[in-house]
Amino acid sequence: MSIRFRRWIIVAALFAATIGCDRVTKLVATEHLAGAAPRSYLADMVRLAYAENRGGFLSLGENLPAPARTAVFTVATGIALLLLALLLWRAGWQSWRTAGLALFIAGGLSNWFDRLVDGRVVDFLNVGIGWLRTGVFNVADMAVMFGVLLFALGRARKADTMPPPAAELDREDA
């Protein structure tokens, strides 16, 4: 088995694990949290409460008319995810950047599927301390955010290991 093939197996495993975990946790949240009182754990650092999000990140755009929400959150997002998947495939293996992009796409794809089928996304997690809290989110959202972080770290590592441009080399020699 070639190294290239093994690397793409890792990407496929990231997709499967992310989407699978997100689907299962949303199903459990729907079955056990919908209509129930919010639950609090770890001295209220973690809250579980069922929420339906018809908008985007932090419910942005939730009050848009239904056709506009569909255009933005289903059609445009679907096109963007397809373009990102093509970028992932064409860019080849770039370690952390590839893993980050795979997580971003997998999380986005799982939420996109919810919007396509139900017109909404199930959110259920909220973390924080006291008044400092996140918005309500889900596992797919965590994958998207972690993917962005890995991609950014991969870009930073690449920038650190790149040789300086030729113009800088000329100035150092002078």
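The values are calculated or read from the model by the stated rules, or taken from the named source; none is laboratory data. Quick caveat, the model's predicted, so the values are computed rather than measured. Here Cβ is always computed from backbone atoms with ideal geometry, including for glycine, and neighbour counts include all displayed protein chains.
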Query raised in the report: If you go through the stretch 91-100 one residue at a time, do you hit one that is hydrophobic (A, V, I, L, M, F, W, C), in a helix (DSSP H, G or I) and free of Cβ contacts under 8 Å to residues at least 12 places away in the same chain?
Result: yes
Report summary line: Taking the stretch 137-158 and keeping only residues that are among the aliphatic types (A, V, I, L, M), touching a Leu at 6+ places or on another chain (Cβ under 8 Å) and at pLDDT below 95, one is left with LEU150
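Got a number for residues in the stretch 47-102 being on the phi > 0 side of the Ramachandran plot and buried (at least 16 other Cβ atoms within 10 Å of the Cβ)?
Step one: of the stretch 47-102, the residues on the phi > 0 side of the Ramachandran plot are 58-59, 61, 92, 95.
If we keep only those that are buried (at least 16 other Cβ atoms within 10 Å of the Cβ) as well, we get 59.
Residues in the stretch 47-102 being on the phi > 0 side of the Ramachandran plot and buried (at least 16 other Cβ atoms within 10 Å of the Cβ): 1 in total.
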Query - Criterion: of a type in the set (D, E, K, R) and on the phi > 0 side of the Ramachandran plot - qualifying residue of ASP118, ASP114, ASP44 - result: ASP44
**Report entry** Set ALA49, ALA36, ALA66: member being in contact with a Leu (Cβ under 8 Å, 6 or more places away or on another chain), farther than 19 Å from VAL144 by Cβ and among the small types (Gly, Ala, Ser)
**Finding:** ALA49
Report task. Only residues that are touching a Ser or Thr at 6+ places or on another chain (Cβ under 8 Å) and charged (D, E, K, R): list them for the stretch 70-122, please. Result -> ARG115
Query - Near pairs, Cβ below 8 angstrom, 6+ apart or cross-chain, from the stretch 102-122 (within 20 Å of PRO67 (Cβ to Cβ)) to any residue that is of a type in the set (A, V, I, L, M) and not in a helix (DSSP H, G or I) - result: ASN111/VAL121; ASP114/VAL121; ASP114/VAL122; ARG115/VAL121
Report summary line: Only unsatisfied item for GLY108, checking (1) assigned to a helix (DSSP H, G or I); (2) at pLDDT below 95, is (2)
Report task. Could you tell me whether any residue of the stretch 60-67 is outside any helix (DSSP H, G or I), within 22 Å of LEU153 (Cβ to Cβ) and modelled with pLDDT of 90 or more? Result -> no
Report summary line: For ALA43, the lone unmet condition from (1) farther than 28 Å from PHE151 by Cβ; (2) part of a loop (DSSP other than H, G, I, E, B); (3) touching a residue at least 12 places away in the same chain (Cβ under 8 Å); (4) not aromatic (Phe, Trp, Tyr) is (3)
Query raised in the report: Among the candidates ALA16, ALA49, which residue alone is in a helix (DSSP H, G or I), at pLDDT 95 or above and not charged (D, E, K, R)?
Result: ALA16
